[in-house]
Every structure is written in C-alpha cells, then in structure tokens.
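See below for the structure under consideration.
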C-alpha cells in the first residue's frame, strides 16, 4: 500500500470526521448515491458504528467502509475513500477488514451496489471475488435529472 494507513473499527470520536468525509465525497457527485447538501451533524449522529471501519492516516480518516447486517443473513456493504487517497490500497485494506469481520460475525454473504462508471471500484470488488448479480436500471435520480443504473454485486462467504 502506498503510504500506510491503519484500519480499525469506528469509534464515537470518529462520527464527525466520518460525516465530513461523506460530505466531501458527496460533493463529487459521481461515486456515491448521496449528493450535496449533506447535513453533517445529522449524518454524524446517525452512524451505526458496529460493522463500520475507518482507514486512518496521520490521525485523519481517509476511508470508511460499513456493513449493515440484515435480518436475512447477508450484510449490505458501502464504502468511500477520500479522493486524494484512491488507487493507493485504502479500499483494498477496508474490504479485507470487512470480509474478516463478516466471517467472524456470521453473514453468509456481502452485497453492494455500485455505479457502472465506477470501474475502479468494480475492479476492486471483483479482486475479492464479488460477482455481478444484476443491474438496477435507472435506479438513482440525480439532482441533474439524470437517471443512473446500479450494478448489484455479491460475495458468498
């Protein structure tokens, strides 16, 4: 990994920095479903910390991954990385931590949705064995009025 990061479970003190990173990635309007404006305080208060991991470099959170367990035995994964840290192994380290966590917690599968144009993320997920399971056509209405597809991917554990 270019530049070292520590991956650890999210803690109470991480709520605001996580929400700030979320808002910064939302500002890009292309990698995650959320778009600005983001209510940072509400987002910070609403984080479910169990199953959430942060990538930390020099006391700065540069990536976040969360697994939302479902009552159906699978976990729904979401991830985002600071723009200046993409392509440097942060996502790889986060996905690795999520899989280890899931294997210990017992879900039989991890699932996620990704935009088709996010080729780097798709390649990362494929590297870990995620496979395309379907496509949601015109699933996300963007603030521009565009309708974006989502590729659904899954990994049986």
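Taking other C-beta atoms within 10 angstrom as a stand-in for reagent exposure, 72, 66, 140 fall in the order 72, 140, 66, fewest first.
With the cut-off at under 13 Å, measuring from each backbone N in region 98-130 to a point 7 Å along the Cα-to-Cβ line of residue 142 picks out 115-118. Oblate is the label for region 72-148. Its Cα gyration tensor axes, ordered a ≥ b ≥ c, give a/c of at least 1.5 and b/c at or above a/b. Full extension of the segment from residue 12 to residue 100, taken as 0.36 nm per residue of separation minus the current Cα-Cα distance, would add 29.5 nm.
Summarising the label geometry, the points placed 7 Å from Cα in the beta-carbon direction at residue 68 and residue 20 lie 2.5 nm from one another. Which log10 I(q)/I(0) values, to two decimals, does region 6-156 give at q = 0.14, 0.17 Å⁻¹ under the Debye formula with one point per Cα? Listed by q, the Debye log ratios stand at -0.67, -1.03. Per residue, the chain reaches -9000 deg cm²/dmol at 222 nm when only DSSP H runs of four or more residues are counted, each adding -39500 (n - 2.57). Once you keep just the Cα pairs under 8 angstrom separated by 6 or more residues, what percentage relative contact order results for region 37-82? Dividing the mean separation by the residue count of region 37-82 yields 26 percent.
How high is the FRET efficiency between residue 4 and residue 49 when r is their beta carbon distance and R₀ equals 22 Å, given to the nearest 0.05? Efficiency computed from Cβ-Cβ geometry: 0.40.
Values in this text are rule-based calculations from the coordinates and carry no lab data. Computed from a predicted structure; not experimentally measured. Positions of Cβ are generated from backbone atoms using ideal geometry, with glycine treated the same way; all protein chains shown enter the neighbour counts.
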